[in-house]
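The values are calculated or read from the model by the stated rules, or taken from the named source; none is laboratory data. This structure is a prediction, so every number in the text was calculated from the model and none was measured. Please note: Cβ atoms are built from the backbone with ideal geometry, for glycine as well, and neighbour counts cover all protein chains shown.
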Amino acid sequence: MTWQDQQLPEEHPPVRSGKIGVLLVNLGTPVAPTTADVRRYLAEFLSDRRVIEIPPIAWQPILRGVILNTRPQKSAGAYRKVWSEDGSPLAAITKRQAAAMDTAIGAASEGRVIVDWAMRYGEPAIPDRLAALHDAGCDRILLAPLYPQYCAATTATVVDKASDWLREQRWQPSLRTLPPYHDDPLYIDALASDIDRQLDALDFEPEVLLLSFHGMPARTLALGDPYHCHCHKTARLLEAKMAERGLRTGLRFRTSFQSRFGRAKWLEPATDDVLMDEGRKGTKRLAVVAPGFSADCLETLEELALEGKSSSRKPAAKASPHCPASTPRKPGWPCWRRSCGVNLQDGFERVNNLHWGQ
């Protein structure tokens with residue numbers, strides 16, 4: 001690799017190097033909302049030892065014999081409810097986020113930085129996009145998992161997959177991972193502003209703001225995973241920031257975890273339980289936000305927006321099922337750009353002494 005512009009002899013074969021790649025990575029999605037495509041996606045997702053920590057000899061017969069023969073059809077129906085002409089919402093939004101960053105950072109670096117995107121499960125695959133960046137001359141790559149809160153089942157498995165690809169390379173690029181940003185002041189400030197803007201768009205003033213994070217088995221906390229703590233810190237800092245700025249005075253905050261799966265004990269309280277609890281308490285106006293999601297996906301558009309709406313309206317008179325997650329102009333975007341800039345400057349090189357803005 002080189003830290004300077006190349007000055008090759010005329011007879012030297014062309015060598016692409018000297019560029020920096022940024023790979024934004026999100027969780028994943030099936031290629032299409034069909035039973036067959038969902039089955040392939042779930043087979044990859046639920047075979048990840050970071051996601052399902054049951055020994056394969058016990059888990060794979062259950063997965064192959066039961067789950068993959070029953071769940072794909074139901075999940076495909078859920079995906080069809082949120083699918084658009086651009087395909088999966090998660091893929092479409094992540095693609096736009098990467099394009100926006102590529103335009104901004106690429107222009108600021110005079111083409112020295114290339115921003116691309118990938119999915120941990122499904123397509124585009126992490127190895128394929130890392131290879132594309134490497135082929136384009138990126139000998140330094142910033143791996144950017146789009147998860148504000150660190151979790152072994154999300155952030156760590158992205159690093160695992162990238163490391164698998166790296167292990168096979170003769171000429172390895174330098175690789176750095178973007179750290180979690182659950183307590184980054186820029187993220188918290190942008191999140192507060194975005195939630196306030198979205199609540200303004202509602203036709204009612206909520207009494208309760210429910211911060212719904214993706215669930216994880218409770219045993220992960222006991223094993224040392226910081227995810228539970230990161231979620232609660234984000235919630236605490238968000239509530240403090242909104243109070244500091246005088247936003248939504250009197251709004252009551254609650255934190256919950258969604259998407260329980262199987263019989264194991266999961267992090268609590270569960271989102272659906274909180275919705276029912278608020279109804280029993282007489283809450284009439286409630287809004288749900290998902291600050292742990294960098295883009296709308298099945299869990300926000302279908303689980304929260306559709307199923308959550310149904311659950312909350314049984315006991316409550318009026319509820320906003322979901323406020324959309326990040327888009328290129330929402331909470332994640334300024335934080336990612338600033339964080340990528342800091343990591344590119346301090347971790348890789350001084351890219352023409354650039355000043356990376358917010």
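Here is the figure for the stretch 125-152: residues that are crowded, with 17+ Cβ neighbours inside 10 Å and either polar (S, T, N, Q) or farther than 11 Å from Leu24 by Cα (or both) total 12. Is one or more of the residues making up the stretch 52-72 at pLDDT below 95, aliphatic (A, V, I, L, M), surrounded by fewer than 18 Cβ atoms within 10 Å (Cβ to Cβ) and closer than 29 Å to Gln169 by Cβ? Looking for residues that are at pLDDT below 95, aliphatic (A, V, I, L, M), surrounded by fewer than 18 Cβ atoms within 10 Å (Cβ to Cβ) and closer than 29 Å to Gln169 by Cβ, one finds none in the stretch 52-72, hence no. Residue count for the stretch 74-95 satisfying the condition of being within 14 Å of the chain's Cα centre (by Cα) and either free of Cβ contacts under 8 Å to residues at least 40 places away in the same chain or surrounded by fewer than 18 Cβ atoms within 10 Å (Cβ to Cβ) (or both): 2. Listed by first and then second residue, the pairs with beta-carbon distance under 6 Å, at least 6 apart or on different chains, first residue in the stretch 115-138 and outside the structural domain of Ser174 (by TED's automatic domain parsing), second part of a strand (DSSP E or B) and crowded, with 17+ Cβ neighbours inside 10 Å, form an empty list. On the stretch given as the stretch 118-151, residues that are part of a helix (DSSP H, G or I) and either more than 18 Å from Val51 (Cα to Cα) or touching a Pro at 6+ places or on another chain (Cβ under 9 Å) (or both) total 9. Restricting attention to the stretch 216-235, the residues being in contact with a helix residue (DSSP H, G or I) (Cβ under 8 Å, 6 or more places away or on another chain) and surrounded by 15 or more Cβ atoms within 10 Å (Cβ to Cβ) number 6. If Leu24 meets every condition in (1) touching a helix residue (DSSP H, G or I) at 6+ places or on another chain (Cβ under 6 Å); (2) not acidic (Asp, Glu); (3) not assigned by TED's automatic domain parsing to the domain that holds Ile141; (4) not in a loop (DSSP other than H, G, I, E, B) apart from one, which number is that one? It fails just one condition, (3). Counting only helices (runs of 4 or more DSSP H) that sit wholly inside the stretch 159-272, those with at least 2 residues that are more than 30 Å from Ile54 (Cα to Cα) and assigned by TED's automatic domain parsing to the domain that holds Gly292 are 185-200, 227-244.
In the stretch 169-215, of all residues being surrounded by fewer than 19 Cβ atoms within 10 Å (Cβ to Cβ) and of a type in the set (A, V, I, L, M, F, W, C), the one that is farthest from Ser256 (Cα to Cα) corresponds to Trp171.
Comparison of Arg49, Arg96, Arg16 shows that the only residue that is more than 23 Å from Ile141 (Cα to Cα) and either charged (D, E, K, R) or not assigned by TED's automatic domain parsing to the domain that holds Arg260 (or both) is Arg49.
Exactly one residue among Leu238, Leu304 is crowded, with 19+ Cβ neighbours inside 10 Å, of a type in the set (A, V, I, L, M, F, W, C) and at pLDDT 95 or above, and that residue is Leu238. Taking the stretch 153-165 as the range and being surrounded by 15 or more Cβ atoms within 10 Å (Cβ to Cβ) and over 17 Å from the mean Cα position of the chain (by Cα) as the test, only Trp165 passes. Go through the stretch 34-63 and report how many residues are aliphatic (A, V, I, L, M) and over 20 Å from Arg263 (Cβ atoms). Final tally of qualifying residues: 3.
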